[in-house]
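One structure below.
The values are calculated or read from the model by the stated rules, or taken from the named source; none is laboratory data. Here the structure is a predicted model, which means the values were calculated and not measured. For the accessible areas, the whole protein counts, side chains as well, though only heavy atoms, and no ligand, DNA or RNA atoms are used. Shrake-Rupley method; radii C 1.70, N 1.55, O 1.52, S 1.80 Å.
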Amino acid sequence: MSRRELVQLGVVAAIAVLAVSLHAVGTRGEIVFIVAGVSLAALAWALSQATDQAGDTAGPRVSALLNATFGNLPEVIIVVLAINAGLNDIARASIIGSVIGNVLLVLGLSLIVGGWRNGVQTFNERVAATNSSMLVLGVAGLGLPTLFAALEHDPPAAELLSRWTGGGLVVCYVAYLYFSFSEPGLRLHDAPDHPRWTPAQAVVTLGLTAVGTGIVSEVLVDSIRPAVVSLGIPRPFVGLIVVPFIGNVAEHFAAVRLAYRNRLDFAMGIAFGSGIQIVLVASAVAVLTGVVVGSNLTLVFDPLQLAALAAAALSATLIARNGETNWLEGLQLLTIYLVVGVAVWLR
């Protein structure tokens, strides 16, 4: 680990301490929300760096999985804490927002940067097709309980269906991991980098930043209500756009940097893998958390949010169809994300 990297990690720690201190002394909610958001983004970046170093010796598939898993840690923690705080609408919106943030924003930026730098880029079509089909599964998994609740108007039945759906999605995610690692045609051909950190440094940094992420996430969730009132930001916009954007910083850094280096398979693996983890696993975690804290959370989503998720899955499927991509397709993804953001703000 270089001296520059130590200084950067020290700055990340200082911002986290500042956010916690402001919350402890009762500073105004909107100030705490902004500082905690910056701190969480910085911690997500630190997690990204640590997972990069931990996974570089293991190859692109394992490294992409590590990036997606630890990159999603802030979002999952926020979902759990939001449910515990009674902010079920924020929790549900952040699940959808994290998926569309990865598929539309992160992947869109990666394709634009990679396309401008390298021209038309190619990728493993079979891997992309498998990933896009898992996103479609997520749309069905979240959409069917919503449709059921609209047709039946039976809350206990909707809760039961949500629990079965969450369990089924987790089983499919485990099967997806097994299939991805065991099927020869789905292996990514991408040489790993040489790690700059020792394994001990990577593990310690992962542990400390994970703990810091949990603490700062609680500060962020506690400040949502006063921040929404003071700043006049619509609650759905906070859940769908702001919170996922903060949590997706790790994916932004990692995927865009890899696409710039023409390692598009790896970049797409991070963006798709993160979105798949959220839609299949975080939704189940949300239902389980609701059972534990007694909030009776269901997988019944706002129709506009589901439409945004469906648009993201459809776009990903179209991009995966021919094994190559360009910067224009990235711009198309960003345009959809912009329209979704404006629609949620105006609603």
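In what order, largest first, do Trp327, Trp45 sit by accessible area if the probe radius is 1.4 Å? List each step's numbers first, then the result.
Numbers: Trp327 100, Trp45 45 Å².
Highest to lowest solvent-accessible surface, that is Trp327, Trp45.
Roughly speaking, what is the stretch gain from Leu231 to Phe181, that is 0.36 nm per residue apart minus the C-alpha to C-alpha distance, in nm to one decimal? Don't skip to the answer; put the middle values down first.
Details: separation 50, 0.36 × 50 = 18.00 nm, distance 4.61 nm.
Contour length minus Cα-Cα distance gives 13.4 nm.
Using the Cα atoms of the stretch 202-259, I'd like the radius of gyration and the largest Cα-Cα distance, Dmax, both in angstrom.
Cα-based Rg and Dmax for the stretch 202-259 come out at 14.3, 40 Å.
By accessible area of protein heavy atoms, probe 1.4 Å, what ranking do His23, His252, His153 get, highest first? The partial results should precede the final answer.
On the way: His23 75, His252 30, His153 145 Å².
Putting His23, His252, His153 in descending order of accessible area: His153, His23, His252.
Taking a quarter of the surface of the Cα convex hull of the chain, what do you get in nm²?
Numbers: hull surface 67.4 nm².
Computing the convex hull of the Cα atoms and averaging its projections yields 16.8 nm².
Using Cα pairs closer than 8 Å and at least 6 residues apart in sequence, work out the relative contact order for the stretch 80-194, in percent. Display every interim value, and only then the final one.
Details: 28 pairs, mean separation 24.8, N = 115.
Contact order relative to length: 22 percent.
Checking a compactness column here: for the stretch 1-47, what do you get for Rg(Cα) / (2.2 N^0.38 Å), N being the number of residues?
Relative to the rule-of-thumb radius for its length, the stretch 1-47 sits at 1.23.
How big is the stretch 200-328 in terms of Cα radius of gyration and Dmax, in angstroms?
Values for the stretch 200-328 (Cα only, Rg and Dmax): 17.6, 48 Å.
May I have the extent of the alpha carbons of the stretch 92-228 along their three principal axes, as whole Å values ordered from largest to smallest?
Principal axes ranked by extent give 55, 40, 32 Å for the Cα atoms.
With a 1.4 Å probe and every protein chain kept in, tell me what percent of the accessible surface of the stretch 15-55 is carbon plus sulfur.
Numbers: 1070 of 1450 Å².
For the stretch 15-55, the apolar C and S fraction of the accessible surface comes to 74 percent.
Between Glu324, Glu30, Glu152, which gets the highest mean-square fluctuation from a Gaussian network model of the chain, Cα cutoff 10 Å?
It is Glu152.
More than 21 angstrom separation, counting every C-alpha pair in the stretch 70-161; what % is that?
Values: 2162 of 4186 pairs.
Tail of P(r) above 21 Å: 52 percent of Cα pairs.
Averaging sequence separations of C-alpha pairs under 8 Å and six or more residues apart, then dividing by the length of the chain, give the relative contact order as a whole percent. Each step should come with its number before you reach the end.
Details: 556 pairs, mean separation 140.9, N = 347.
Here the relative contact order equals 41 percent.
Compactness ratio of the stretch 284-334: Cα Rg over 2.2 N^0.38 Å, N = residue count? Mind dumping the intermediate values first?
Numbers: Rg = 16.7 Å, N = 51, 2.2 N^0.38 = 9.8 Å.
So the stretch 284-334 has a normalised radius of gyration of 1.70.
Given a 1.4 Å probe and the protein chains all in place, what does the accessible area of Val204 round to, in Å² to the nearest 10?
About 90 Å², ignoring ligands and nucleic acids.
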